[in-house]
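To keep things clear, I will list the structure first and then write my remarks on it.
The values are calculated or read from the model by the stated rules, or taken from the named source; none is laboratory data. As the structure is a computational prediction, the values presented were derived from the model and not from experiment. When we count neighbours, we look across all protein chains shown, and the Cβ atoms used for this are built from the backbone with ideal geometry, even at glycine. Each accessible area value is taken on the protein alone, full model and side chains, heavy atoms only, with ligands, DNA and RNA left out. Shrake-Rupley method; radii C 1.70, N 1.55, O 1.52, S 1.80 Å.
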Number of protein chains: 2
Amino acid sequence: MDYQVYFENQREQHLNELKEWLSIPSISALSEHKSDVLRAADWLADSLAKAGLENITIHPTEGHPIVTADHLHAPGKPTVLVYGHYDVQPVDPLHLWETPPFEPTIRGDKIYARGATDDKGQVFLHIKAVEAILKQEKELPVNIKFCIEGEEEVTSPNLPSFLEQRREELAADVVIISDTSLLEKGKPAICVGLRGLCSLDVEVTTANTDLHSGTFGGGVPNALHAIVTLLSTLHDDQGRVNVEGFYEDVPELSPEMRAEFVKQSLDENKLQQSLGLDALYGEEGYTFVERTGARPTLELNGVYGGFQGEGSKTVIPKEAHAKITCRLVGYQKPQDILDKIERHIHANVPVGAKVSVIQREKGNPFTMDTTTPMLQKASDAFNHVYGVRPVLTKDGGSIPIVETFGRVLNVPVVLMGFGLPDENLHAPNEHFNLDNFDKGLLTIVEFLKQV
Amino acid sequence: MDYQVYFENQREQHLNELKEWLSIPSISALSEHKSDVLRAADWLADSLAKAGLENITIHPTEGHPIVTADHLHAPGKPTVLVYGHYDVQPVDPLHLWETPPFEPTIRGDKIYARGATDDKGQVFLHIKAVEAILKQEKELPVNIKFCIEGEEEVTSPNLPSFLEQRREELAADVVIISDTSLLEKGKPAICVGLRGLCSLDVEVTTANTDLHSGTFGGGVPNALHAIVTLLSTLHDDQGRVNVEGFYEDVPELSPEMRAEFVKQSLDENKLQQSLGLDALYGEEGYTFVERTGARPTLELNGVYGGFQGEGSKTVIPKEAHAKITCRLVGYQKPQDILDKIERHIHANVPVGAKVSVIQREKGNPFTMDTTTPMLQKASDAFNHVYGVRPVLTKDGGSIPIVETFGRVLNVPVVLMGFGLPDENLHAPNEHFNLDNFDKGLLTIVEFLKQV
């Protein structure tokens, strides 16, 4: 039977199953939902078994379990590892949901529920694609492995060590992740770069106590003056990061990648207006999508010190704080960048101030080799179903686990996402467009058959 | 009878009376103490009457009352106006008081209670000095007026208009205020300058919402970058205020005043150590006492924006805030300085940022003409009792009402204070040294007889 017809026949059954899964409130961040997260893992295991997968295992971790399964009966054929997650974000503010987050509801051509697109709905496509092929053809054209975790929404604390320990069990020729979006309706995209991340806190201290600005003002250092002076040295007048060596490992954009960025045809004026900005802002010589996708940043995320209440308080604060994150690209290494920033800070300590730096997160940037055949196969599959080749994008955000998969398993990672950018991930009224539900099933089948 | 003997005889009686007054919790800032503040005014009025003063009036205001009294039977002699306040600061943290703040207690040579030195204790000296002279000599060597308010600790909102309206009733040849300190034990001081004050809030906004630093970082302005850049322009590398015209109305220090500052013989190293500072800091060419007494400042009292919690949040904040106060000297006018700062800020708005400024407080600096005979008379009185002439100081703090008295009544104001700098004004365990209680009475009598 033609797969399109098959999936049409099964559609109601599939959506009812997905609704079952979506009705389990597997919120990984909230300890009171620990048993719900476990229930969602159990449901997933049952569903994988029903689809015909084997060696289904629920691996306990210090947090929530990781579920693995495989089907390895295609000797000589490539092995595809599917990664995804079955945990979901918290749902507050609850009153903004039109229907309850864990009562999945179809309205028009969308299914509404927490996790509908991020990521239960997209993981579900892979299970049903495998099930469809096994039902129709009794065998798979590839070897397949699933590795679905329950802690993605809490930054995957237990997955990296799991990958390291099971490097061989999880060995594959490609990792497929469906947790990203099309560019817009009808315009598929494959993200071939994710920025890395590093973060640090800066503390400036002066006196051992806050001081009265009448008695001491003009005669002692002020922690706020010091931090403002210090932080203002981190960028030059054009908004470029002013830290020595910061751009050393940033590759220039290739003409090919620039052409891909142009294809996104982002309307910068419209974006500017929607954000209420007088002007977009950033490094000269780059467009907005280039700046946010392929250029590194150093952002102040928090600065605070002294009095914040109503009116005024004539205090000279003894301490001031800054929280800083960087987005990294290319070959920038978080540790190296943190060290460079720390050196810059210590070299620019204002008179009378003591400065301490705490280094925090470190996530590598992810860059996909755009010439790898796996990428072309995925692109072909999209083209086959959507009638258009996906645009290659670089996403400004950071999903450190993507880089971890590629590095630890030493394979290409293809971000073959079926969401849309406006599906309210992490927000009220999360939903998944059923058009992409249908096309996603077909795209995955096509990919597995062609790879 | 010799006044020293008289005051020794009366000492126990005087201290018991003062304890009565100090036991009334006249906290002007707290509405639940409104009736206590009124009780303290009543007590004051009774005490003034008992001392022999006349025309005792409790003037209601929109807040707490002002008490006036006079004794005007010395035709051809100067008129002295005594200003002070009978309201006190809140007492928290209560658990740090060794004895309850409103149970006055004498330990060693100090009387402990809220208001002991600030300012009931010091006002009390004037009442008892007048009483002593009237009891002993049946007449006063001068005309005297009292104007004692109940809102000094809440920035005297109703006193300026009261002074304006009663300019003639309150006319005098000198205003005496006992609400300041000796330099240290045995070293009297007369403060001949108080810095003025002005304050403003700055708000920087960028987008209409906080933005994700992955998706938008590097492509949009960041309110924290903008405010840090803006605020860093307010001072030059040497810590001088970088606002055009800021120092225009600041007189250079006279050699005479510099000599007075030297007499304070402040140990800068000791101060630096006690504050835990690597270095004192401020304008080159000035000592600490000159910087804080006779030079203007622009201080950041609060700066805040973005995330302040634990860990990191990859947000690009849409707004950031700063609270700024200036201390003013010489002929600097608060309105003029605020306008200059506002012009500077608007001239230095970073790309992509919108900046708004709210002007707040405005208090003129106070400068006493050091050649006025009234100052010499006060100095003589101190010398007579303490055996040493007072040092002339300039205080870095601001007491706008001092400037208001001088300006509205057009007379010299002499700050003849009997406190000590470590008597815990506004803090737990406030006290008043009885040595200065005794000497204060004699000094005031001496001043009234010589003026």
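Points to keep in mind about this one:
- Between this copy and the others, label points of A:D236 are 2.5 nm apart in ascending order, each placed 7 angstrom from Cα in the Cβ direction.
- For region A:232-277, average projected area of the Cα convex hull in nm²: 5.0
- Bins of 10 Å, starting at 0 and running to the largest distance - Cα pair percent for the protein assembly as shown: 2, 11, 17, 16, 13, 10, 10, 9, 7, 4, 2, 0, 0
- Residues whose amide H comes within less than 5 Å of that of A:K318, counting only those at least five positions distant or on another chain, are A:D210, A:L211 (H built at 1.01 Å from N in the peptide plane).
- Set of aspartates and glutamates near A:K318 by C-alpha distance (under 12 Å), chain-local residues within fewer than 8 positions excluded: A:E203, A:D210
- Chain B, relative contact order [Cα under 8 Å, separation at least 6], %: 25
- Largest to smallest in accessible area, the residues B:M374, A:M416 fall in the order B:M374, A:M416 (1.4 Å probe, all protein chains included).
- Peptide A:347-355 - average C-beta neighbours from other chains (10 Å radius): 3
- Mean residue ellipticity at 222 nm, helices only, chain A: -10500 deg cm²/dmol; runs of at least 4 DSSP H residues each add -39,500 (n - 2.57), and the sum is divided by the number of residues.
- Additional length obtainable on full extension of the chain from B:S35 to B:V154, 0.36 nm per residue less Cα span: 41.2 nm
- Unit Cα scatterers, Debye sum, region B:243-336: log10 I(q)/I(0) for q = 0.22 Å⁻¹: -1.17
- Tensor-based shape of region A:205-257 (alpha-carbon gyration tensor, a/c under 1.5 rounded, otherwise prolate or oblate): prolate
- Taking a Cβ cut-off of under 15 Å around B:S274, the surrounding Lys, Arg, Asp and Glu residues balance to a net charge of -4, with basic ones at +1 and acidic ones at -1.
- Projected label distance in nm at A:Y331 and A:E168, using a 7 Å step from Cα toward the beta-carbon: 3.3
- Rounded to whole numbers, the Karplus 3J(HN,Hα) couplings from phi for region B:365-375 are x, 10, 10, 8, 6, 6, 9, 5, x, 4, 5 Hz, using 6.51 cos²θ - 1.76 cosθ + 1.60 with θ = phi - 60°, and x at Gly and Pro.
- When A:A347 is represented by a point 7 angstrom out along its Cα-to-C-beta vector, the spacings to that point in the other copies are 3.2 nm, nearest first.
- Order of exposure, largest accessible area first, which applies to B:K377, A:K34 with probe 1.4 Å: A:K34, B:K377
- Ignoring aspartates and glutamates fewer than eight residues from B:K50 along the same chain, the ones with Cα atoms less than 15 angstrom from its Cα are B:E17, B:E20, B:D42, B:D70, B:E131, B:E139.
- B:S265 accessible area, assembled protein chains, probe 1.4 Å, Å²: 80
- A:I176 long-range amide H proximity, modeled H, under 5 Å: A:L81, A:V82, A:Y83, A:V414
- Residues within the reach of a label modelled at A:E62 (point 7 angstrom out along Cα to beta-carbon, backbone nitrogen below 19 Å), restricted to region A:12-46, are A:28-32, A:34.
- Label-point separation, B:S254 to B:D46 (7 Å along Cα→Cβ), nm: 4.8
- Over all projection directions, the Cα-based convex hull of region B:1-108 averages an area of 9.4 nm².
- Global dimensions of region B:373-419 from alpha-carbon coordinates: Rg and Dmax equal 12.1, 34 Å.
- Computed over all pairs of different Cα atoms, the Kirkwood value for the hydrodynamic radius of chain B is 24.0 Å.
- Ordering B:K449, B:K138, A:K340 by accessible surface, largest first, gives B:K138, B:K449, A:K340; the 1.4 Å probe counts only protein heavy atoms, with every chain in place.
- Using θ = phi - 60° and Karplus 6.51 cos²θ - 1.76 cosθ + 1.60, couplings along region B:227-241 (whole Hz; Gly, Pro as x): 6, 5, 5, 4, 5, 5, 7, 7, 10, 8, 4, 8, x, 6, 5
- Acute angle (nearest 10 degrees) that the helix B:3-22 long axis makes with the longest principal axis of chain B, alpha-carbon atoms: 50
- Over all directions, the projected convex hull of the C-alpha atoms in region B:349-451 averages 10.8 nm² in area.
- Summed residue charge, Cβ within 13 Å of B:N383's Cβ, Lys/Arg positive, Asp/Glu negative: +2
- Taking every Cα-Cα distance in region A:281-325 and sorting them into 5 Å bins starting at zero, the pair-distance distribution P(r) comes out as 5, 17, 16, 14, 12, 10, 9, 10, 8 percent.
- Copies compared at B:Q165 - label distances in nm, ascending, label defined 7 Å from Cα in the Cβ direction: 8.1
- In this structure B:V289 has an accessible area near 20 Å², from a 1.4 Å probe over the protein heavy atoms.
- Local net charge near B:S254, Cβ-Cβ under 15 Å (Lys/Arg +1, Asp/Glu -1): -1
- Three-way shape call for region A:251-292 based on the alpha-carbon gyration tensor, with the a/c threshold at 1.5: oblate
- 1.4 Å probe accessible area per residue over region A:251-292, in Å²: 58
- Note on B:R240 and A:L96: the model spin-label points, each 7 Å out from Cα along the C-beta direction, lie 5.1 nm apart.
- Length gained on full extension, B:I358 to B:V388, computed as 0.36 nm times the residue gap minus the Cα-Cα distance: 6.1 nm.
- 26 Å Cα-Cα threshold exceeded, pairs from B:K138/B:K377; A:K128/A:K263; A:K19/A:K394; A:K333/B:K313: A:K128/A:K263; A:K19/A:K394
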